[in-house]
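Below is one structure, written out as structure tokens; comments come after it.
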Amino acid sequence: MRRLFPVTDLTPADDEGEWSLDHLADAYAYPEQDGPWLRANMVSTLDGAAQHDGRSQPISCESDMRIFGTLRGLADVVVAGAETVRLEGYRPARAREAFAARRAAAGQGPAPAIAVVSGSLDLDFSLPLFVSPLVPTLVLTGNGAPADRIEAAREAGADVVIAGEGSRVDPARAVRELADRGLKRLLTEGGPRMLGQFVAAGVLDELCLTLSPMLTAGDAQRIAGGPSVAVPERFALTSMLEEAGFLFTRYRRI
């Protein structure tokens, strides 16, 4: 049985304790506000591994993927680092009938855009993600990116967004650039280095974290890497789901 326990009242979502896509969409709805809202979706084992053999799928589960799909169904744009795009085999986001009415009511397109963060633009622009998306893929890069790679991205149909100096993409500027294009409901799916940069820049508003009841040992990455913050930033638990030992938590910045 699937149960949703909002931490505000700790009561089941409905009489049967079941949650559907509609119920998940309600539970994970973006807050109403004028500015951008950046949420992250990550999975971690009990011993802190964000991946196994370089991918997140082995530590995930069917319900985790259901929430993954819900979060995508609510977002304007999905932001991912180039390494994650390569390792996870990213494809264009697809339109889903289950979220069509919600998206239309919110003034959104049929599917979220994918935004790939890459300073070097070392990407295969012949992939479907770039040449046949339902919504044009964005590529976030710095003003020092190789000119020939920028041209290759544009020829493939990608929208190149300059969001940093040199070869570096500035996380805060990336958020602003996307928001300026009307993409205010942001979702980042990683990887860990990308998430770490958003955390260090102080622009992460929400973390949706799946805690997997698995132990992997080894030296896998945590959910966030890279630069540390001077003072740990406090987040508040706002909701939690449980199924088969998996905990699906949601935290907001205080």
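The values are calculated or read from the model by the stated rules, or taken from the named source; none is laboratory data. Quantities reported herein were computed from a predicted structural model and do not represent experimental measurements. We place every Cβ from the backbone using ideal geometry, glycine too, and count neighbours over all the protein chains shown. The area values use the complete protein model at the heavy-atom level, side chains included, leaving out ligands, DNA and RNA. Shrake-Rupley method; radii C 1.70, N 1.55, O 1.52, S 1.80 Å.
Here are some notes:
- Residue within region 78-95 that is in contact (Cβ under 8 Å) with a residue 24 or more places away in the chain, more than 19 Å from Arg39 (Cα to Cα), part of a loop (DSSP other than H, G, I, E, B) and basic (Lys, Arg) present: yes
- Here Arg55 passes the criteria (1) surrounded by fewer than 16 Cβ atoms within 10 Å (Cβ to Cβ); (2) in contact with a Phe, Trp or Tyr (Cβ under 7 Å, 6 or more places away or on another chain) except the one numbered (2).
Conditions (1) modelled with pLDDT of 90 or more; (2) open to solvent by 40 Å² or more (accessible area, probe 1.4 Å); (3) farther than 23 Å from Leu21 by Cα, marked per residue:
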residue: Arg39; (1), (2), (3): yes, no, no
residue: Arg66; (1), (2), (3): yes, yes, no
residue: Leu71; (1), (2), (3): yes, no, no
residue: Leu74; (1), (2), (3): yes, no, no
residue: Glu97; (1), (2), (3): yes, yes, no
residue: Ala115; (1), (2), (3): yes, no, yes
residue: Phe125; (1), (2), (3): yes, no, yes
residue: Leu134; (1), (2), (3): yes, yes, no
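- Residue list for region 147-163, restricted to those being surrounded by fewer than 22 Cβ atoms within 10 Å (Cβ to Cβ) and outside any helix (DSSP H, G or I): Gly157, Asp159, Val160, Val161, Ile162
- Tally, over region 184-230, of residues that are in a loop (DSSP other than H, G, I, E, B) and either among the β-branched types (Val, Ile, Thr) or buried (at least 22 other Cβ atoms within 10 Å of the Cβ) (or both): 7
- Note on region 125-146: residues that are among the β-branched types (Val, Ile, Thr) and assigned to a loop (DSSP other than H, G, I, E, B) total 2.
- Residue within region 170-181 that is modelled with pLDDT under 95 and open to solvent by less than 10 Å² (accessible area, probe 1.4 Å) present: no
- Across region 231-254, the qualifying residues are those that are closer than 16 Å to Ala200 by Cα and either more than 19 Å from the chain's Cα centre (by Cα) or polar (S, T, N, Q) (or both), and the one among them that is surrounded by the most Cβ atoms within 10 Å (Cβ to Cβ) is Glu233.
- Hits in region 111-132 - residues which are within 18 Å of the chain's Cα centre (by Cα) and more than 20 Å from Leu38 (Cα to Cα): Leu129
- Filtering region 51-66 to residues that are out of contact with any strand residue (DSSP E or B) (no Cβ under 6 Å at 6 or more places or on another chain) and over 19 Å from Pro92 (Cβ atoms) leaves Gln51, His52, Asp53, Gly54, Arg55, Glu62, Arg66.
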